[in-house]
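> Below is the structure I would like to discuss, written out as structure tokens.
Each reported figure results from applying straightforward, stated rules to the coordinates on display, with no laboratory input. Bear in mind the structure is a predicted one, so any value in this text is a computation, not a measurement. Virtual Cβ from ideal backbone geometry, glycine too; neighbours counted across all protein chains shown.
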Amino acid sequence: MTQWLNALPTLITFAPLIGLAVLLFLPQDKTRAHRMVGIAGTLPSLVLALVMFGRFDPLKQGLQWAQSIPWFDIPLGLINRQAPATKLVFNYSMGVDGLSMPLVVLTCLVATLAAIASVYVKQRTKAYYTLLLLLLVGMNGVFLSANFFLFFIFFEVTLVAAFFLIGIWGFLGREKAANHFLLYNGLGSGFLLFAMIGLLLLSGSLDYATIQQQAGGLVKQLHLLEPQQVSLVWLIFISLIVAFAIKLPMFPFHSWMLRVHVEAPTPVVMIHSGVLLKMGAYGLIRFGVGFFPGLMDRAATVLAVLGLVNILYGAILAFVETELKRVLAYSSVSHMGIILFGLAAMNEAGLKGAVFQSVSHGLISALLFFIVGSLYERTKTTELNELGGLAKPMPILSGLLLFGGMALLGLPGLSGFISEFMAFLGLFQERPIVAAVGALGLVLAAAYTLRACLKTTFGPLKERFSDTADVKGWEVGSLFTLVFLIVVIGVYPAVLAYPMEQTVEVILAGIGG
């Protein structure tokens, strides 16, 4: 039993491969079987993630369920000719801490709900669910890896799987959206590869614990290093920031995300907005703050300003947009700025707020895009000027849309409020002027959210929508699961705050806070 539990990170990561293997042996025309196996293939990871969350010890520092197995080695002389050892060992290292634990649960939950929402996918379902399960493997691997090389492999798996899911099953502009996705994220992968090589040169290992110790020590003695070494440290740090700024996305690297949100199929947008964007936030915290806390502290003002740009730019454009998916896309840009605010604070409230915002926005965006996808299947449009009055034929779905909007604008008692409150509280302690200006984005969030929700659900009802069906039975479980979690986090935030307590303390100790 103990050995089984010790392998939880590996089991969670690779469990979807069971469903993937079954799919490979199914005939191409068995659409119903593909759907059942695809949904079932996500469930083992979800169940195991919940088991892990239930057994997670919030008082324990460091990684839990840690595994480190020698994988392969190369002659160390190729890396550092002055090194005393003869080989550099690459380890298969997995584990979970208070930072990755909530993101793993979020990933598995959103993936399962996206698989359920994929009922509207009618063509090439075998390939679709195969790629969806492969994407789940990559996402879990990103959050559960404890070695940078392993992280990079899983990161690239998500890139390839998402590219095909967008380009094959998206809407009319799917190919351009997929190409923009590949171009920008491929560029980010290039920066990430450079950073990985640099970290290998600095520390002689790619295990997180070793890098954190070696890189942190170098930053503390930066004034004693030779100019070439100082330049290398800064280049590695900047490369990491740029790589994850593209993934987040941070202005001005955001344009690819807008195309994906509009052109990708609804279940893929649920995963993209709910999980894939959060890989950017995770990378900034894990590698930026975790590996280079001193440099991150020096760059905090720049991050705060960029976060302010994200918040206001996204909010203003969301307010003037007339298409519902683009409203939510610009809203995501704005809300990613709140994560940057939390990071720029570099204190306990801010870092917790950044993680809270990652999880909260993941749940809220998954709920809203699920609803928007359901609306599109019924009305064949997401243009605000063509919608209206849907509260009459679809009272439940309209009510859920309004609930999601209230969570998005930060209504007290819902998860959006506590995450925004903590991020802004952290920044007000350090940079009150920037935080005060950023608060205007919260006012704009209320404006664009209410505008979009009211134009969709109230006003004159188009005659062609008078007989539109309300929520279907298979949608109820998914929608109300997300509603329940958004309320739980809003009412009882300790469910997220307590598990990450020790991890945040370790990060703050590295900063000196």
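> When the Karplus curve 6.51 cos²θ - 1.76 cosθ + 1.60 is applied with θ = phi - 60°, which whole-Hz ³J(HN,Hα) does each residue of segment 354-362 get, with x for Gly and Pro?
5, 5, 4, 5, 4, 6, 4, 5, x
> On to the next question. Could you please rank Ile364, Ile371, placing first whichever residue has the fewest other Cβ atoms within 10 Å of its Cβ?
Placing the least packed residue first, the sequence is Ile371, Ile364.
> Can you check what the net charge comes to around Phe154, using other residues whose Cβ is under 15 Å from the Cβ of Phe154 (Lys, Arg +1; Asp, Glu -1)?
Overall, the nearby charge balance is +2.
> Another one. Could you tell me the convex hull volume per residue, in Å³, taken over the Cα atoms of segment 436-513?
Spelled out: Cα convex hull of segment 436-513, divided by residues, is 170 Å³.
> Also, I was wondering about something else. Sort Val275, Val47, Val104, Val137 so the one with the fewest other Cβ atoms within 10 Å of its own Cβ comes first.
Ranked by crowding around the Cβ, least crowded first: Val47, Val137, Val104, Val275.
> With +1 on each Lys and Arg Cβ and -1 on each Asp and Glu Cβ, how big is the dipole of segment 385-513 about its Cα centre, in debye rounded to the nearest 20?
400
> How much net charge surrounds Met500 when only the other residues with a Cβ under 11 Å from the Cβ of Met500 are counted, with Lys and Arg +1 and Asp and Glu -1?
-3
> At what distance in nm do the modelled label points of Ile238 and Val476 sit from each other, each positioned 7 Å from its Cα along Cα→Cβ?
So the two model labels end up 5.7 nm from each other.
> Please arrange Tyr448, Tyr92, Tyr498 by how many other C-beta atoms lie within 10 Å of their C-beta, fewest to most.
The most exposed by this proxy come first: Tyr498, Tyr92, Tyr448.
> May I ask you to compute the full-extension gain from Asp57 to Leu454, defined as 0.36 nm times their residue separation minus their alpha-carbon distance, rounded to one decimal in nm?
138.5 nm
> Right, another one. Taking the Cα centre of segment 299-430 as origin, sum charge times position over the Cβ atoms of Lys and Arg (+1) and Asp and Glu (-1), and report the length of that vector in debye to the nearest 20.
Taking the Cα centre of segment 299-430 as origin, the dipole is about 260 debye.
> Among Phe154, Pro102, Leu324, whose Cα lies farthest out toward the positive end of the dipole of the chain, if unit charges sit on the beta carbon of Lys, Arg (+1) and Asp, Glu (-1)?
Toward the positive end, the furthest listed residue is Leu324.
> Can you list which of the chymotrypsin sites (Phe, Trp or Tyr not before Pro) found in segment 152-201 are DSSP loop residues with at most 14 other C-beta atoms within 10 Å?
In loop regions of segment 152-201 (DSSP not H, G, I, E or B), the sparsely surrounded chymotrypsin sites (Phe, Trp or Tyr not before Pro) are Phe171.
> Mind listing the phi-derived Karplus ³J(HN,Hα) values for segment 88-99, rounded to whole Hz, using 6.51, -1.76 and 1.60 with θ = phi - 60°, and x for any glycine or proline?
Taking θ as phi minus 60°, the curve returns 10, 9, 9, 9, 8, 10, 10, x, 9, 9, x, 7 Hz for segment 88-99.
> Still on this structure, I have one more. Using only the alpha carbon atoms of the chain, find the Kirkwood hydrodynamic radius as the inverse mean reciprocal pair distance, in angstroms to one decimal.
Here the Kirkwood hydrodynamic radius works out to 23.1 Å.
> Calculate, in nm to one decimal, what Glu323 and Ala127 gain on full extension: separation in residues at 0.36 nm each, minus their alpha carbon distance.
Taking 0.36 nm per residue and subtracting the Cα distance, the gain is 67.6 nm.
> For every other residue with a beta carbon closer than 15 angstrom to the beta carbon of Lys60, add +1 if it is Lys or Arg and -1 if Asp or Glu, then tell me the sum.
Here the count lands on -3.
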